[in-house]
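Report on the structure given below.
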Amino acid sequence: MDKYEINDSTVALIFNNFKTIVYEKDKIFLVNQLPNEIIKYSCEYFGSSYKGRVDGTKSLTGLTHKAPIIIEESNEIIFFPLSSPRLNTCSWLRNKYINNYYKDTNGCILKTVNGSEIKINCSYEIINNQILRSSRLESIIRYRKNTNLL
């Protein structure tokens with residue numbers, strides 16, 4: 001596949017040899033794009049620029065580095081980077097479908113809500129911090145929706 005846009009089933013975009021392994025709830029496949037290209041294309045697909053999404057996160061949370069971003073608001077599609085998004089090797093995850101995560105010898109194992117596992121070459125501490133930051137963004141959005149502040 002040459003082009004992919006994030007949808008409500010997308011779980012993870014994992015960098016792999018200048019391509020992306022896409023994990024969806026029920027399938028895994030390879031896309032001939034970098035994860036960052038998929039993120040940027042998906043932001044535009046849903047009506048915003050990547051920079052606009054980054055600026056929105058900064059405005060809502062004050063986060064400026066490795067910040068999670070809202071890809072699409074109505075379905076609360078929020079992704080967070082595992083490294084600097086300025087790097088082509090950056091992978092992205094969506095915490096909505098991560099059921100659990102634990103340390104592994106070379107990184108971390110993520111258990112998804114459908115029971116599958118994703119091996120990530122990233123420390124437990126980074127995953128944990130990024131999930132907390134993403135949850136904070138999600139909480140702010142939900143609060144504003146419920147109080148009509150958005």
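Every read-out reported here was derived from the displayed coordinates using simple, explicitly stated rules and does not represent laboratory data. All values derive from a computational prediction rather than experimental measurement. Virtual Cβ from ideal backbone geometry, glycine too; neighbours counted across all protein chains shown.
Within the listed set ASN114, ASN95, ASN16, the residue fluctuating most in the Gaussian network model of the chain (springs between alpha-carbon atoms under 10 angstrom) is ASN114.
Between ASN106 and ASN146, 0.36 nm times their residue separation minus their Cα-Cα distance comes to what?
On the way: separation 40, 0.36 × 40 = 14.40 nm, distance 4.11 nm.
Computed gain between ASN106 and ASN146 is 10.3 nm.
Build a GNM of the chain with springs between Cα atoms under 10 Å apart, and of ASN99, ASN36, ASN17 the one that fluctuates most is ASN17.
Projecting the Cα atoms of TRP92, ILE69, LEU110 onto the charge dipole of region 10-146 (Cβ charges, centred on the Cα centre) puts ILE69 farthest toward the positive pole. In percent, rounded to a whole number, the relative contact order of region 8-81 is 18, using alpha-carbon pairs under 8 Å and six or more apart. Evaluate the charge dipole of the chain about its Cα centre and quote only its size in Debye, nearest 20, assuming +1 on the Cβ of each Lys and Arg and -1 on the Cβ of each Asp and Glu. Value, rounded to 20: 380 debye. Take the convex hull of the alpha carbons in region 47-150; its mean projected area over all directions comes to 7.1 nm². Distance from the alpha carbon centroid of region 40-111 to that of region 113-144 works out to 9 angstrom.
Taking the chain as a Gaussian network, Cα atoms linked when under 10 Å apart, which of ARG133, ARG86, ARG53 shows the biggest mean-square fluctuation? Among ARG133, ARG86, ARG53, the largest mean-square fluctuation in the Gaussian network model of the chain belongs to ARG86.
What FRET efficiency comes out for the pair LYS27/SER59, r = Cβ-Cβ distance, R0 = 41 Å, nearest 0.05? Spell out each step's value before the answer.
Working: r = 35 Å, r/R0 = 0.86.
FRET efficiency, LYS27 to SER59: 0.70.
Could you work out the helix-only [θ] at 222 nm for the chain, with each DSSP H run of four or more residues adding -39,500 (n - 2.57) and the total divided by the number of residues, to the nearest 500 deg cm²/dmol? Mind dumping the intermediate values first?
Working: 3 runs with 46 residues, N = 150.
It lands at -10000 deg cm²/dmol.
Exposure proxy shown here: for PHE80, PHE18, the number of other Cβ atoms within 10 Å sets the order, fewest to most, as PHE18, PHE80. Which log10 I(q)/I(0) values does region 1-106 give at q = 0.11 Å⁻¹ under the Debye formula, counting every alpha carbon as one identical point scatterer? At q = 0.11 Å⁻¹ the computed log10 ratios are -0.31.
When you restrict to C-alpha pairs under 8 Å that are six or more residues apart and normalise by the size of region 10-146, the relative contact order lands at 20 percent.
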